[in-house]
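Following: one structure in structure tokens, then a few remarks.
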Amino acid sequence: MTKKKSLLSDQRFIVLLVIIALVVIYMIFSPEFRKYSSILSMLDFSYYDILMAIGVTFPLITAGVDLSIGTGLVCYALVAGRLVRDYNCPVALAMLICVLFGVVVGAVNGTLIGVMGLPPFLATLCTCMITRGISSMVMATPWPTNKQPGGWFHSIFKLTFGTGRNALKIPIGFLVCVILVLVMEFVLNHTKFGRYTIGIGSNKEALTLSGVNVKFYHVMAYVICGLFAGLAAIAYAAVVPTVQPGTGAGLELDAIGGVFVGGVSATGGYGSVIGTLAGVFVIVLLKTGLPYVGLQANWQQIITGIVLIGAVMIDVAKRRRMAKEQ
Amino acid sequence: MADAILTMEEIDKSFPGVHALDHVHFDVRCGEVHALMGENGAGKSTLMKVLTGIYTKDSGTITFEGKEVEFANTREAQDAGIVIVHQELNMIGDLTVAQNIFIGREFMKGFKIDDKKMIEESKKLFDELHIDINPRDKMSDLTVGKQQMCEIAKAISHQAKVIIFDEPSAALTEKEIEDLFTIIRDLREKGLAIVYISHRMDEIKVITDRVTVMRDGGYVGTLITKDCTKEDIINMMVGRVIYETPKTESKVAKDAPVVLKVEHLNAGRMVQDVSFELRKGEILGFSGLMGAGRTETARALFGADPKTSGDIYVNGEKVTINSPQDAVKHGIGYLSEDRKRYGIVVQKTITENSTMATLEKYMNGIFINKGEEKKITEKYIQELATKTPSADQLVVNLSGGNQQKVVIAKWLVRNCDILIFDEPTRGIDVGAKNEIYKLMNRLAEEGKSIIMISSEMTEILRMSDRIVIMCEGKKTGELDISEATQEKIMDRATRDIA
């Protein structure tokens, strides 16, 4: 029983076409968008979305969700930023703290869900509130700028050669993201962790009866998600002038939306990290690109919503077709 | 006789309100097939779950290879060499066959799972078992029968010393069962100990060496298979001789009106130009191998799958059926072979399930009339003799036979006159099975018309007034019960193959 797979049946390919279409439309209608600096700034603001999305792909494949990543990343960036400002904490250590903080919150989420059996929506809603609460207790914090001591961390995302108008800027962060995507795609498809993540989303009972330590891997899916939320915190701190307390709610929705656009099944059990990258790009293009063609940024939410409905409908249609072929 | 490799003694287990196992004894030797039998809720599955660490026992001892053991989970039991092939299929649909077989013990190359080796090993395994399955196929693309074969292959691939088959044949065709028996005999030759749980008396006689019978959570006794008769076993199980007597001639009146006529039905590869008639009060058996297109025919007729062409007449009038709602409107009910997926909502109560398809009948304005709903449910609980403490019981807590009765109740509440039973007794044991048979006969006598799809030859021959045989999507024969024999049916069911 071999099946012909046309390119069009691969959601990732459709998403790629959408991205190309969007870029072409923007380029035609907006001279501004054609500038290198615009693309650079768009990329700058995409990294934290991409990182969050890579992470949250895993809980979503287990048929769960993580709502705490948006407020979480603001919380981590604030706390670590404060340590840099007030306690002369080296930036490298602050970055590590971001990641560790993310891992801890991820482990809490994972334990609540995988071990204690709370519904993912509820458990992560709670940690979402808690991290937002913590961050509202911390003063608004700018991380060091490019020229300040410790500003080197910007070069993880953007290498700058020369100064002033002629400075050459390379969006190295994109490369970093692509590498992470490829690594996590490999992890998803070729490691035990990845395979059991799919198994949990597809048939958890069967996985348990096969003697797999399901609880451990279920927790790990959220730990990985938290780890990437921590990385996203660094990317976020690198692009916003000041991290504002008590914010971040809603950021996770762009990432989660991107994952679904990228083809992760709404019922779990199926997905790809490469798809996630493509999906997030659609969201980012809608978010940052629409103003270039004269549409208010508000439209982004509406259009994103519509795009998401389309993406989920493709998934539903696919499942239905598969069920019929049997 | 060799000593037992596995002995369970004085096993006791209670759940809240139920004494599930009452000092049960069971043992199995190397190189034997030992049947474990008993009615619904007799405690067979519970006993096996205690053995493999899914449940913890309250008291008693398990001795395996001379040592007392207590497994904390299925993994530990597997590692020790005790493997269970579950009654419900336990496959991960989104993964491939090979990935499923080696789940939990993947071959590794450093961090990377060695999929190539897993595919090779699966191929070897399938070759050994003479099964034709591509290990690269996604599990959800396989038929139920093939999934079951994978489950068996998976169990065998553990270096198992004891294999427990929990109703392995429930989903298999006669041919596949033959293959299964060849495999089991082969394993027995190799000195493995095999526990075989089944409700099919014929199989027990053919394949097993000893039979242990359980009743209501207690141990009744152990018999040598060749020294006992079917009746001996049944008597031990239920204390009474059961089974409806097989039909020798059609009970349908010659002039009974045709209630359903299907002409030239086409729906994809699995349903090609199928025509048949169903008379009032008739039980029309649909026989054939797995994948013959019987379920597909039923689903297309019921509107669950789209059809490309074909006419359907109900009570002589041509009707359009494009969805299950249309079918139900014309009084056609469909009882799926996969109860849990299509038939019932297991996490809901009996009441909610019974009235699910007819809720509009029990409405007071926008509110559900709970009293009325409960009354009708209780009526059918009594009529169908559903074993349950109350109508508010969650369906998940019922045994397979009683779940099936809830599905039947659902359609009876709906007043359906044409009922399609797809594998009505799959996963149901002898006692409950006969109740289902009685029920079907009674329904037919009351003037309902029944299409019964079954892979079990004895069931087809016992219940049908007339038999339609299908093979590879085509109707290959039709026999009146008076002329039907197993050979004639098999001949037509395999006509196009070979």
Residue by residue through the range A:30-37, which ³J(HN,Hα) values in whole Hz follow from phi under the Karplus form 6.51 cos²θ - 1.76 cosθ + 1.60 (θ = phi - 60°), with glycine and proline marked x?
9, x, 4, 5, 6, 6, 4, 5
Kirkwood Rh and Cα Rg combined as Rg over Rh, evaluated for the range B:4-238
0.97
Counting pairs of alpha carbon atoms under 8 Å apart in space and at least six apart in sequence, what relative contact order in percent does chain B give?
16 percent
Please report, to one decimal in angstroms, the Kirkwood hydrodynamic radius of the range B:258-493 built from all distinct Cα-Cα pairs.
18.1 Å
Determine Rg/Rh for chain A; Rg is computed over alpha-carbon atoms and Rh is the Kirkwood hydrodynamic estimate from the same atoms.
0.98
What angle do you read, to the nearest 10 degrees and between 0 and 90, between the alpha-carbon axis of helix B:370-383 and the longest principal axis of chain B?
70 degrees
Across B:103-113, the residue-averaged tally of Cβ atoms belonging to other chains within 10 Å stands at 5
For chain B, with only Lys/Arg (+1) and Asp/Glu (-1) charged at the beta-carbon, what is the dipole magnitude about the Cα centre, in debye rounded to 20?
940 debye
Which far-off residues, 5 or more places away or on another chain, put their amide H under 5 Å from the one on residue B:268, with H placed in the peptide plane?
B:308
Rounded, prolate or oblate: which fits the range A:85-227 when a ≥ b ≥ c are the square roots of the eigenvalues of the alpha-carbon gyration tensor, with rounded for a/c under 1.5 and prolate only if a/b beats b/c?
oblate
Whole-percent tail of the Cα-Cα distance distribution for the range A:35-97, cut at 17 Å, equals 58 percent
HN-Hα J in Hz across the range B:57-69 - Karplus 6.51, -1.76, 1.60, θ = phi - 60°, x for Gly and Pro:
7, 7, 7, x, 10, 10, 10, 10, 6, x, 10, 6, 10
Row for the range B:329-468, column shape: gyration tensor on C-alpha, a ≥ b ≥ c, rounded if a/c < 1.5 i.e. under 1.5, prolate if a/b over b/c, else oblate; value prolate
What Rg and what Dmax come out for the range A:211-326 when only alpha-carbon atoms are used, in angstroms?
17.1, 57
Per 0.36 nm of contour for each residue apart, how much would the distance between residue B:326 and residue B:79 grow if the chain were fully extended, relative to their Cα-Cα spacing?
83.7 nm
Give me the dipole magnitude in Debye, nearest 20, for the range B:4-238 about the Cα centre, with unit charges on the beta carbon: positive for Lys and Arg, negative for Asp and Glu.
520 debye
Rg (Å, one decimal) plus Dmax (Å, integer) for the alpha carbons of the range B:74-205?
14.4, 49
Size of charge dipole - chain A - debye, nearest 20, with Cβ of Lys, Arg +1 and Asp, Glu -1, no other charges
560 debye
Please enumerate, by chain and number, the lysines with C-alpha under 17 Å from the C-alpha of residue B:448, excluding those fewer than 8 residues away in the same chain.
B:251, B:254, B:261, B:280, B:329, B:405, B:410, B:438
Against the longest principal axis of chain B, how steep is helix B:400-413, in degrees 0 to 90 to the nearest 10, with axes from Cα atoms?
10 degrees
Can you tell me the relative contact order of chain A? Whole percent, Cα pairs under 8 Å, sequence separation 6 or more.
33 percent
Chain B -> Rg/Rh from Cα coords, Kirkwood Rh, value 0.97
From other protein chains only, count the Cβ atoms within 10 Å of every residue's Cβ in B:90-98, then give the mean.
6
Hey, which aspartates and glutamates would be in cross-link range of residue A:158, C-alpha to C-alpha under 15 Å, not counting anything within fewer than 8 residues on its own chain?
A:44
Here the FRET efficiency for residue B:178 versus residue A:122, based on Cβ atoms and R0 = 56 Å and rounded to 0.05, is 0.65
Taking a ≥ b ≥ c as the square roots of the eigenvalues of the Cα gyration tensor of the protein assembly as shown, is the shape rounded (a/c under 1.5), prolate (a/b larger than b/c) or oblate?
prolate
C-alpha long axis of helix B:115-129 to longest principal axis of chain B, angle in °:
80 degrees
Run lengths n ≥ 4 of DSSP H only: what is the helix-derived mean residue ellipticity at 222 nm for the protein assembly as shown, with -39500 (n - 2.57) per run over all residues, to the nearest 500?
-14500 deg cm²/dmol
Multiply the residue separation of residue B:491 and residue B:190 by 0.36 nm, subtract the distance between their alpha-carbon atoms, and state the gained length in nm to one decimal.
105.0 nm
Which of the peptides B:394-404, B:477-487, B:372-382 is most tightly packed, and how do the rest follow, going by the mean number of other Cβ atoms within 10 Å of each residue?
B:394-404, B:372-382, B:477-487
So if R0 is 30 Å, what FRET efficiency would residue B:269 and residue A:313 give, r being the distance between their Cβ atoms, rounded to the nearest 0.05?
0.65
FRET efficiency, residue B:56 to residue B:311 (Cβ-Cβ, R0 56 Å, nearest 0.05):
0.45
Exposure proxy check: A:97, B:152, A:50 ranked by fewest other beta carbons within 10 Å?
A:97, B:152, A:50
Please give the contour-minus-distance gain from residue A:21 to residue A:159: 0.36 nm per residue of separation, less the Cα-Cα distance, rounded to one decimal in nm.
46.8 nm
Per residue of A:196-205, how many C-beta atoms from partner chains lie within 10 Å of its own C-beta, taken as a mean?
4
Give the cross-link partners of residue A:192 among the lysines, using a straight C-alpha distance below 24 Å as the criterion and excluding same-chain residues fewer than 8 apart.
A:204, A:215, B:109, B:112, B:116, B:117, B:123, B:124, B:138, B:154
Long-range HN-HN contacts of residue A:211 with modeled amide H, under 5 Å:
B:75
Name the residues whose placed amide hydrogens come within less than 5 Å of the amide hydrogen of residue B:55, ignoring near sequence neighbours (fewer than 5 apart) on the same chain.
B:50
Run the quick spin-label model on residue A:295 and residue A:30: label points 7 Å from Cα toward the beta carbon, then report their separation in nm to one decimal.
1.1 nm
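Laboratory data are not the source of any read-out in this text; all were calculated from the coordinates shown. This is a predicted model, so every value here is computed, not measured. So basically every Cβ, Gly included, is an ideal-geometry build from the backbone, and we count neighbours across all protein chains shown.
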